[in-house]
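This report concerns only the one structure given below.
The values are calculated or read from the model by the stated rules, or taken from the named source; none is laboratory data. Just so we're clear, the structure is a prediction, and the values are computed from it rather than from any experiment. A quick note on method: Cβ atoms are made from the backbone with ideal geometry, for glycine too, and the neighbour counts reach across all protein chains shown.
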Amino acid sequence: MGDYILETEGLTKEFAGFTAVRGVDLRVRRGSIHALIGPNGAGKTTVFNLLTKFLAPTAGRIAYNGRDITALRPADVARLGMVRSFQISAVFPHLSVRENVRLALQRPLGTSFQFWRSERSLERLNPRADALIAAVGLAADTLSTAAELPYGRKRALEIATTLALDPEMLLLDEPMAGLGHEDIARIAALIRDVAKSRTVLMVEHNLSVVADLSHTITVLTRGHVLAEGSYAEVSANAEVREAYMGTGAGGAAGHA
């Protein structure tokens, strides 16, 4: 395997004459935390949708672990080890924390989403489920329903269910969206811990989090790459600062 786990070349997406993503060349280094930032409307979520095959590119190529995945379906990409966590928490609200994680663990066993299986037949998954739950700081909530959890803990549960799929690469879509200060610190610590054995690509608005976590930052504006580098490099870039002027005086320092 090469140094880069994910690469795009000339990635482009047009919608009825409007070009949302224009010629994006992206290279994500294996084992790194890579942030994708930019002003509202820059094309960040569209890039995520292209990478995970929820959208088909108009032009360009996507390679994962050296394999061309441009024409693959979303489920096929996930099976290769690239899994996405969405901006809006996606858990089953009326199932317990353990049941949510256990459902994700069922997939590699060939019993995916078979809700009618007996409780006893699934108990063998409990040790692994509980280990994942503890890893994201939810041990005290194992038997609580997801609906009972505060928002920040729902986000932690979503990451636990994503980790249950044992991804090699994790794509996080605004993991800090809607979180308070304490929850942001908790989820940031969780992402750092997760990245010890995986690659993480994230879209994130909170630039203090981006500065703290990311090894590499790619800045998008109007659908193309404006700059790339460390936080110090991109924050000192005059074009990047200008691109953020529309978000307010504090935009370049705190909001993408």
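Tabulated values for the structure
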item	result
Count of residues meeting criterion [surrounded by 14 or more Cβ atoms within 10 Å (Cβ to Cβ), at pLDDT 65 or above and under 24 Å from Ala78 (Cα atoms)] in segment 93-124	13
Flag if Arg241 is in contact with a helix residue (DSSP H, G or I) (Cβ under 7 Å, 6 or more places away or on another chain), under 22 Å from Gly43 (Cβ atoms) and not in a loop (DSSP other than H, G, I, E, B)	yes
Residues of segment 145-181 classified as over 14 Å from Asn206 (Cβ atoms) and either out of contact with any strand residue (DSSP E or B) (no Cβ under 7 Å at 6 or more places or on another chain) or surrounded by fewer than 20 Cβ atoms within 10 Å (Cβ to Cβ) (or both), total	18
Which listed residue is closer than 28 Å to Asp212 by Cβ, in contact (Cβ under 8 Å) with a residue 12 or more places away in the chain and surrounded by fewer than 21 Cβ atoms within 10 Å (Cβ to Cβ), from Thr12, Thr19, Thr45	Thr45
Neighbours by Cβ (under 6 Å, 6+ apart or cross-chain): first from segment 216-245, in the same structural domain as Thr12 (by TED's automatic domain parsing) and without any contact (Cβ under 8 Å) to a residue 12 or more places away in the chain; second part of a helix (DSSP H, G or I) and of a type in the set (A, V, I, L, M)	Arg241/Ala252
Meets criteria (among the hydrophobic types (A, V, I, L, M, F, W, C) and part of a loop (DSSP other than H, G, I, E, B)) for Leu165	yes
Residue check, Asp193 farther than 18 Å from Ala135 by Cβ and modelled with pLDDT of 90 or more	no
Any hit, segment 162-178, residues being at pLDDT below 90, under 24 Å from Ser96 (Cα atoms) and among the polar types (S, T, N, Q)	yes
